[in-house]
Structure formats: C-alpha cells, structure tokens
Amino acid sequence: MTPMPPDALADRLGSGLLSFPVTHFDADLRFDEARYREHLAWQAGFDVAGLFAAGGTGEGFSMTPEEVDRVVRAAVDEVGGRVPVVAPATGATVVSAAQARAAQDAGASGVLLFPPYLTEASQRGLVEHVSAVCRATDLGVIVYSRANAVLTDATVAEIADRNPNLIGLKDGVGDIEQMTRTYARVGDRLIYIGGLPTAETFALPLLQLGVNTYSSALFNFLPEFALRFYAAVRAQDRPAVYRMLTDFVIPYLDIRDRVRGYAVSIVKAGLTAVGRDGGRVRPPLSDLTEDEIAELAALVRKIA
C-alpha cells in the first residue's frame, strides 16, 4: 500500500475532529477484534478527520507489540479506506522505530510518537529520539509532548527542521506560555493537536494558541455531541461551548477525577452507558463501579 504523503495527512488531520477509539477486550481481557471492528465502522460513519489506533484511550500501553500490530492492521483493514488511521510508537527509541516501520507495513497513514517509557531525558536526547523514529518511516509523524518528554519551543523547531516527515505536535501539557512560544517560533510548519484528558475542557482557549483540533475521547460514545462541541469551538461560540461544558462535560469530569486512570475507564463505561458495551479495561486500570456507570448514563440521558 502506498503511504499517504505526510503533507496530505497533515491537511486531513487538521481539517476536523480526531479521536482515539477504545480497544475492546473479551471476558478474559484478550483483544476482541470483532467488537473492535464494529466500533470502528460506527465511528467512521461520522465526520471524523482521523482515528488513533491503540493510543492512550485505546490502552496501547497495556499491549504487546504483536497485539498493537494486530489492532492497527484491523483498523486499517476496517476503515483505512475512509479515515486515516494513525498508529502508535512508544517505549525505547529502537522499539518506537520498529513500531513506526510496522505501522507503515500495516498500511497506517501516520504515526503518533508517545514519550519514552519511564526514562527522563534531556532536550538533546529527545531531539535524537524523535529524529530516529522519523528516519525509520516514510509516514507522517506526530510527536506527543507530555510527561517525561515535554518539548521546548527550541526543540520543536529543531526536530521540525531536521525531519520533513514530522507533521504535528500533540500537546498534553497545556502550558500557555510554552505553546505561545512554540507557535511563534514554528508557526504553520506543524499542525497542533490538543491532547489533554477530556480535551473539550481546554479546546476554546487553546484555539487562540494555534491548536485548531484535538482528540476527543467523548467521540467514542457521543459522536454527535462531540462534533457539535467541536463546531462550536471552531465558530468561537462561547455561549454554546459553556452550555455544553456545564450540561455534560464538567459533571463528567467530576466522575473521571475520582480515581486515577478513570480518564480511560470512563470512556468504555460511556459506551456501556449508551448501550454499546465498552467492556472492561486491562490492569493496572480499574473499571467504574455500577453506581458510577448509572450516574454517567443519567448524564448522557440529559443531553440525548
């Protein structure tokens, strides 16, 4: 399969809302490909600009490399002809580079490079890490700035200059000064994607900093609501944005913030709440309680 040119991928991803589909597991917590494909087909039926397979919300961190490859290949086969599928690369540099090559072999449209696992690094080390992964593939690469791999504006400028197939920066920090410095220095050379948990909360203020799209976990189970919210953000319709924040997003955050890791678990619970059976999360995450799922379902009914 001919890879999507990086500039074409950047244009597509920057044109609309993005999402991280959950990964379905069976009762024994093995990958349930049939349910995953059904979910992807449903998601691709809405106006989504790109789907990140086996990402954070997709619990890619809980999978073996072989499982990640299987998930990515299932996603490409199911919806790759309709929606760009972006595959993950994570862990040590050599592992991330191997996953980037595997993503290209699988027919993915691009790569999202997560921070290295459990390793602090200098900005110089991060430059070399990102560059090694970009050299490993012809695909467009988006780098995720968060946790132990927060990139300064100077670092972003250098990796963008060194790597023509670096197309985007996904921000998981929300540092206003740093994003202002980065956009001032790098400008439209990259696309900027909001990547904070429940990105809707930050979408309107970050729009002013050049972050014109974001990955919506809510799209997994409330795609129409998520698209209405995105449209209101892009139109800078503050009353509509804050009405939806008040009616649903903030009460949703109140549930999400009760337990560490619920930012992922609550998305699967949301699918269950709308009758689509999100299933369980893998350890070390924990599932919402039955009472919390009922509370979430009541919130969903309010906006239905």
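The values are calculated or read from the model by the stated rules, or taken from the named source; none is laboratory data. Since the structure is predicted, the reported quantities are computational estimates derived from the model, not experimental observations. Note: ideal-geometry Cβ built from the backbone for every residue, glycine included; neighbour counts use all protein chains shown. With ligands, DNA and RNA removed, areas are computed over all heavy atoms of the protein, side chains included. Shrake-Rupley method; radii C 1.70, N 1.55, O 1.52, S 1.80 Å.
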**Message:** All but one of (1) within 21 Å of residue 48 (Cα to Cα); (2) out of contact with any helix residue (DSSP H, G or I) (no Cβ under 7 Å at 6 or more places or on another chain); (3) modelled with pLDDT of 95 or more hold for residue 191; state the number of the condition that does not hold.
**Reply:** (2)
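Of a type outside the set (A, V, I, L, M), at pLDDT 95 or above and touching a Ser or Thr at 6+ places or on another chain (Cβ under 8 Å): does that describe residue 110? Spell out the reasoning first.
Numbers: of a type outside the set (A, V, I, L, M): yes; at pLDDT 95 or above: yes; touching a Ser or Thr at 6+ places or on another chain (Cβ under 8 Å): no.
In short, no.
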**Request:** Scan the range 44-59 for residues that are open to solvent by 10 Å² or more (accessible area, probe 1.4 Å), in contact (Cβ under 8 Å) with a residue 24 or more places away in the chain and not hydroxyl-bearing (Ser, Thr, Tyr) and jot them down.
**Result:** 44, 46, 47, 56
**Request:** Take the residues in the range 73-90 that are within 16 Å of residue 112 (Cβ to Cβ) and β-branched (Val, Ile, Thr), then tell me which one is surrounded by the most Cβ atoms within 10 Å (Cβ to Cβ).
**Result:** 85
**Request:** Only residues that are farther than 23 Å from residue 145 by Cβ, open to solvent by 10 Å² or more (accessible area, probe 1.4 Å) and not charged (D, E, K, R): list them for the range 60-72, please.
**Result:** 64, 65
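When you scan the range 172-244 for helices (runs of 4 or more DSSP H) that lie fully inside it, which ones turn up with 1 or more residues that are open to solvent by less than 30 Å² (accessible area, probe 1.4 Å) and in contact with a strand residue (DSSP E or B) (Cβ under 7 Å, 6 or more places away or on another chain)? Explain how you work it out, then say what you get.
Working: elements: 176-186, 200-207, 223-234, 238-244.
Here the list reads 176-186, 200-207.
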**Request:** Identify all residues within the range 145-165 that are in contact with a Gly (Cβ under 8 Å, 6 or more places away or on another chain) and open to solvent by less than 10 Å² (accessible area, probe 1.4 Å); write none if there are none.
**Result:** 145
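Looking at the range 251-274, which of the residues that are in a loop (DSSP other than H, G, I, E, B) and among the basic types (Lys, Arg) is least open to solvent (accessible area, probe 1.4 Å)?
To start, the set of residues in the range 251-274 that are in a loop (DSSP other than H, G, I, E, B) comprises 257-261, 274.
Remaining after also requiring among the basic types (Lys, Arg): 258, 260.
Values: 258: 113, 260: 225 Å².
Result: 258.
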**Complete:** Output for Cβ contacts, cut-off 6 Å, separation at least six or different chains, first residue within 13 Å of residue 29 (Cα to Cα) in the range 279-298, second among the hydroxyl-bearing types (Ser, Thr, Tyr), reads 281/265; 282/62; 285/265; 287/265
**Message:** One residue is enough: does the range 111-127 have a residue meeting the conditions open to solvent by 30 Å² or more (accessible area, probe 1.4 Å), of a type in the set (Asp, Glu) and within 29 Å of residue 26 (Cβ to Cβ)?
**Reply:** no
